[in-house]
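Just below is one structure, and these are the notes that go with it.
Derivation of every value follows stated rules applied to the coordinates shown; laboratory data play no part. A quick note: this is a predicted structure, and the numbers were derived from the prediction, not measured. For neighbour counting, all protein chains shown are included, and Cβ atoms are generated from backbone atoms with ideal geometry for every residue, glycine included.
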Amino acid sequence: MNWDELKREEERKRDAAYDPAQRWLHIQQTITWAEANLPTHLRRNRPRTRGPTGQTISIPTGQ
Amino acid sequence: MNVDAIFQALNREQVDYLLIGGMNFLLRHQPELTFDVDVWVRDDPVNLERLNRALRSLDAQWGPTEAEWKPVPDDWHWLRGQAVFCVTTAHGALDVFRDVRGLEGRYDECSQRAVPSTTGTGVKFMALADQDMLTCQEALPPSDRKLKRMEVLRAALQRAKDR
């Protein structure tokens, strides 16, 4: 098994072994954690600020 | 997933590791859909033993097949079995790499230029540098490459060069 095949097989195995309810909970927690840990100018749940380059970052907001 | 808890467990056991992959890109550049934490660990016996202690404290589970999925053993030598492990933990999915495609055998070099970082709650971790993240992407088969990520990384590297 080469490197890419091994990585895919590892992911497949984990997906198969993951308890679906726990997986769903972890996904929700990941989204929450990531949002709270993004640099302030990239957060989507607050007014945008200017980023380090002085450019406004374009992220879909649903508006 | 409580990423802080994963970093804290690794830090508590003094595991030598670098954050790589989508979470690293997300924290340093742009929001990207990612549901696991990828870490590259120094591949030596002392560090793998520490890693195993951290994994056990995270209630990590792994198996050679999904039917044999179970808590990771006390003895760290199972980590010698292959180059990458995708495990489940009480806090979420964790991918552990003993070596990284495109950066094979270059842990020390990458560790020296890694970016010292902290999470929003102040948990420290070391993050793989942009140039090395790009090298990883370039080493992937074209169908697996994340083109948007590569574009953003190239732009960030160019900006850093222009400064």
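If you average the alpha carbon positions of region B:28-54 and of region B:102-163, how far apart do those two centres end up, in angstrom?
14 Å
At a Förster radius of 45 Å, what calculated FRET efficiency corresponds to the Cβ-Cβ distance of B:K146 and B:E49, to the nearest 0.05?
Calculated value: 0.85.
Please figure out what share of the DSSP beta bridges in chain B is antiparallel and state it in percent, rounded to the nearest 5. Provide the component values of the computation, followed by the final result.
Working: 17 of 23 bridges.
Once the DSSP bridges in chain B are tallied, antiparallel ones form about 75 percent.
How far apart, in nm, are the 7 Å Cα→Cβ label points at A:E35 and B:Q158?
Between A:E35 and B:Q158, the simple spin-label model gives 3.3 nm.
Taking H as built 1.01 Å from N, whose amide H comes closer than 5 Å to the amide H of B:W62, not counting residues under 5 places away?
The list, which skips near neighbours in sequence, is B:K70, B:V72.
Which whole number gives the average count of other chain Cβ atoms within 10 Å of the Cβ atoms across peptide A:17-25?
Averaged over the peptide's residues, the number is 3.
Please compute the Kirkwood hydrodynamic radius over the protein assembly as shown, one decimal place, Å, based on all pairs of different Cα atoms. Don't skip to the end; give the middle numbers.
Numbers: mean 1/r = 0.0546 Å⁻¹.
Every distinct Cα pair counted, the radius reaches 18.3 Å.
Return the average number of partner chain Cβ atoms within 10 angstrom of each residue Cβ along peptide B:26-38. Write out the running numbers ahead of the final one.
Numbers: counts 6, 5, 3, 4, 6, 10, 1, 4, 3, 7, 5, 1, 0.
The mean count of partner-chain Cβ atoms within 10 Å per residue comes to 4.
Which ³J(HN,Hα) values, rounded to whole Hz and listed in residue order, are derived for region B:77-84 from phi using the Karplus coefficients 6.51, -1.76 and 1.60 in 6.51 cos²θ - 1.76 cosθ + 1.60 with θ = phi - 60°, glycine and proline given as x?
Result, ordered by residue: 4, 4, 5, 7, x, 7, 7, 9 Hz.
Can you tell me, using C-alpha contacts under 8 Å and at least 6 residues apart, the relative contact order of region B:1-128 as a whole percent?
Relative contact order of region B:1-128: 29 percent.
Place a label point 7 angstrom from the Cα of A:Q22 along the Cα-to-Cβ direction, then list the residues of region B:58-83 whose backbone nitrogen is under 18 Å away.
Within reach of a label on A:Q22, which here means backbone N under 18 Å from a point 7 Å along Cα→Cβ, region B:58-83 contributes B:58-74.
Given a Förster radius of 41 Å and the C-beta distance between B:T65 and B:Q14 as r, what FRET efficiency does 1/(1 + (r/R0)^6) yield to the nearest 0.05?
It comes to 0.80.
Lys pairs in the protein assembly as shown, Cα-Cα under 28 Å, at least 8 apart or on separate chains: how many?
Lysine pairs meeting the criterion: 12.
Work from the charge dipole of region B:3-128 (Cβ charges, +1 for Lys and Arg, -1 for Asp and Glu, about the Cα centre) and give the residue of B:G122, B:G105, B:W62 farthest towards its positive end.
B:G122
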